[in-house]
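Colleague: First, the structure itself, so that you have it in front of you.
The values are calculated or read from the model by the stated rules, or taken from the named source; none is laboratory data. These numbers come from a predicted model, not from an experiment. Here Cβ is always computed from backbone atoms with ideal geometry, including for glycine, and neighbour counts include all displayed protein chains. Surface areas here come from the heavy atoms of the whole protein model, side chains and all, with no ligands, DNA or RNA. Shrake-Rupley method; radii C 1.70, N 1.55, O 1.52, S 1.80 Å.
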Amino acid sequence: MTGAELVVKLLTEHGVHSVFGYPGGAIMPIYDALYQSPVKHYLCRHEQGGGFSAIGYARASGQTGVCLATSGPGATNLITALADALLDSIPVVAITGQVSQAVAGTDAFQEVDVLGMSLTCTKHSFYVSDVADLADTLREAFSLAQSGRPGPVLVDIPKDVQLAQVDYQPLHLTATSPATELSQFAEQIAAARALLQQAQKPMAYIGGGVHMADALPELNAFLTATGMPSVTTLKAMGSVEKSNPLYLGMLGMHGTQAANLAVQQTDLLLCLGARFDDRVTGNLKKFASEAKVIHIDIDPAEINKLRFADVAMLGDLKALLPAMTAAGNYADWQAHCGALKQQHGWRYDHPGERIYAPLLLKQLSERMPDNSVVSCDVGQHQMWVAQHMRFNSPRNHLSSGGLGTMGFGLPAAIGAKISRPQDTSVLVTGDGSFMMNVQELATIKRFRLPVKIIVIDNQRLGMVKQWQQLFFAGRYSETDLSDNPDFVSLAAAFAIPGHSISHKDEVESALDAMFSWPGPYLLHVRIDETDNVWPLVPPGAANQDMMTDLPQWEE
Amino acid sequence: MSNAAQSQQHTLTIHTRHEAVAIERLLQVTRYRGFTLAGLELKPLADLSGLLITLSVVSDKPVSLLVNQLNKLYDVLDLELHQAEAGALRA
Ligand SMILES: Cc1ncc(C[n+]2csc(CCOP(=O)(O)OP(=O)(O)O)c2C)c(N)n1
Ligand SMILES: [Mg+2]
């Protein structure tokens, strides 16, 4: 067979049934091999859309996402999605065609140094110069993407390698990664348990690493058995069971007041699969400054990177969490956290007739079918989704966390729908973000994907506008989008029906109409441009110093 | 990290795969993580099975931050940190 046929063979060998991409000269042999192959190719309308669809596919399912692009502009268009996958630790394999080796290094047509470009935005990248290495390289790419801390891996394949003849050797048993040996952690586990016993006010700070380690049952058993209050990062929303009364919500810049206040008061922070990101910590020196830290992660480079850990464990949370479980006696602290949660609950009694996005999102959360996957874009609407929707799994909340990439949402919702066809895929996007990958409406049209799109339209780049209002003296430089297109007509051009609403009392019936429609649907929601996201920890401040609705400082 | 903000020189011996891109990755990580290059020597192993690299860096950050990141590189097969050269303090 040819190298190109081998690529397709290797995809099926890895259980890959769906790939996302865009063809072009240097990857034509692979597209030829895909033609009438068992691997279903979804033509996206921009390689960035293909990359984000692969991410959505991966995040919603836990499988590795695969995307394809040609050399030169195809590969450069993928870069943003790879960076997004790197910062959020998402397993993706990107396959790029490259110019033939006979002309490599001559500034040939559509030649860019893709390997060079990939260095800073992939977990690893390969250039395949010999077809004899192709199978092993692809197998290694899939293994790397999934193992340890997952991430994107790129394989750049010159056209001559795709055309060369090669034999397929079936895969022999792969070595599975060694299980975490508990005995090797005996000392740290003992130290951690001692800290847990001494602590009066412990707090679990839960990151995306927990669900990626498939350790949610162990996490919830641990939280229940210890009675420890908990908070999550943006990526870990949905990790803690909805019934847990001591879960305080998301922490950080737009976290809940209860989460931020309690974390600032804790005397023992148990950091699980999280990385002390600046959006989480605010002023790092003042973050949970009284607390000792237990840090458990799979990535050695995260330990002591930003915050010293009194006890650190590099291993599998699935094995380690049960070993650390010891019932504590934290009654006063539990009562205090419960009171904070009571005192700082969300309010939805927004005055006036206009639609209040937080309330709409709460209604959406309550009315959408069970196990819906919600993708969102970046901005105020993204933070409102995190604050006002509840999820029963992180796989049901796809949000570009580390890179914060506008344009993530629509293609991610497409990938989610393809990986979980039985579940509803909902997109909550902003009027700014939606336009960044709006061409993917054509992908929805072509494959008749019943994605439910909600455009939260404040006619602004709202998040930037909010910062201009608060920190740049109301000088609204380039954040006015009041000349937005007519989004319902725009959807109609892609055969997607839609409806526009602007009054509170229209919301519930509009949501019901959207969900009862069998196909894709766009709900355009006009909101007031003056609505802002609260609370907000201003730059440089400690997390207890949140600004709330009327810009005033909280104690 | 709150270590004294004093620049120190550190020397690492690194065995990598025999590929130019291995050096690119080493240097990219070194620069990005905030370590100044103070020396670089490399030679292929006699059997061409890899490159032997001596990398010296200066930084006021704990060198473990760099070592942990370099150890994650796929191309890095082995890495050893030599004792910090006492007295090699720079502003
Ligand atoms: C690709 C990209 N460019 C710029 C930004 C900076 N940015 C962050 S939020 C935002 C505004 C987003 O506007 P919209 O999608 O309408 O959401 P809103 O904040 O109004 O809800 C911008 C420009 C970004 N995050 N990503
Ligand atoms: Mg907007």
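Listed here are the residues, each with its yes/no results for (1) near ligand 2 (Cβ under 9 Å from one of its atoms); (2) farther than 27 Å from A:P535 by Cα; (3) not assigned by TED's automatic domain parsing to the domain that holds A:S53.
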| site | (1), (2), (3) |
| --- | --- |
| A:V426 | no, no, yes |
| A:G430 | yes, no, yes |
| A:S433 | yes, no, yes |
| A:E440 | no, yes, yes |
| A:T443 | no, yes, yes |
| A:F447 | no, yes, yes |
| A:V451 | no, yes, yes |
| A:Q459 | yes, no, yes |
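Colleague: Since A:A104 meets every condition but one in (1) within 14 Å of chain B (Cβ to nearest Cβ); (2) more than 25 Å from B:L70 (Cα to Cα); (3) in contact with a helix residue (DSSP H, G or I) (Cβ under 7 Å, 6 or more places away or on another chain), which condition does it not meet?
Modeller: It fails just one condition, (3).
Colleague: Additional query: Scan segment A:116-136 for residues that are open to solvent by less than 70 Å² (accessible area, probe 1.4 Å) and part of a strand (DSSP E or B) and report the count.
Modeller: Total satisfying the criteria: 3.
Colleague: Which fully enclosed strands (runs of 3 or more DSSP E) of segment A:225-328 have 2 or more residues being touching an Asp or Glu at 6+ places or on another chain (Cβ under 8 Å), β-branched (V, I, T) and under 28 Å from A:E181 (Cα atoms)?
Modeller: Answer list for segment A:225-328: A:292-297.
Colleague: Within segment A:451-533, which strands (runs of 3 or more DSSP E) (wholly inside it) include 3 or more residues that are surrounded by 20 or more Cβ atoms within 10 Å (Cβ to Cβ)?
Modeller: A:451-457, A:521-526
Colleague: Tell me which helices (runs of 4 or more DSSP H) are completely within segment A:25-115 and hold 3 or more residues being open to solvent by 30 Å² or more (accessible area, probe 1.4 Å) and small (G, A, S), or say none if there are none.
Modeller: Correct list: empty, since no element meets the threshold.
Residue-by-condition table, conditions (1) more than 14 Å from chain B (Cβ to nearest Cβ); (2) buried (at least 24 other Cβ atoms within 10 Å of the Cβ):
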residue	(1), (2)
A:G273	yes, yes
A:D277	yes, no
A:A291	yes, no
A:A301	no, no
A:K318	yes, no
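Colleague: When both residues are 6+ apart or on different chains and their Cβ atoms are under 6 Å apart, which pairs have a first residue that lies in segment A:414-438 and is more than 14 Å from chain B (Cβ to nearest Cβ) and among the charged types (D, E, K, R), and a second that is open to solvent by 20 Å² or more (accessible area, probe 1.4 Å) and away from ligand 1 (no atom under 16 Å from the Cβ)?
Modeller: Filtered contacts from segment A:414-438: A:D423/A:N371.
So that you can scan it fast, the table gives a plain yes or no per residue for (1) surrounded by fewer than 24 Cβ atoms within 10 Å (Cβ to Cβ); (2) away from ligand 1 (no atom under 13 Å from the Cβ); (3) outside any loop (DSSP other than H, G, I, E, B):
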| position | (1), (2), (3) |
| --- | --- |
| A:L360 | no, no, yes |
| A:N371 | yes, yes, no |
| A:N392 | yes, yes, no |
| A:G402 | yes, no, no |
| A:L410 | no, no, yes |
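Colleague: Condition (residue is at pLDDT 95 or above, assigned to a loop (DSSP other than H, G, I, E, B), within 16 Å of ligand 1 (Cβ to nearest atom) and touching a His at 6+ places or on another chain (Cβ under 8 Å)) applied to segment A:435-442: is it met by at least one residue?
Modeller: Scanning segment A:435-442 turns up at least one residue that is at pLDDT 95 or above, assigned to a loop (DSSP other than H, G, I, E, B), within 16 Å of ligand 1 (Cβ to nearest atom) and touching a His at 6+ places or on another chain (Cβ under 8 Å).
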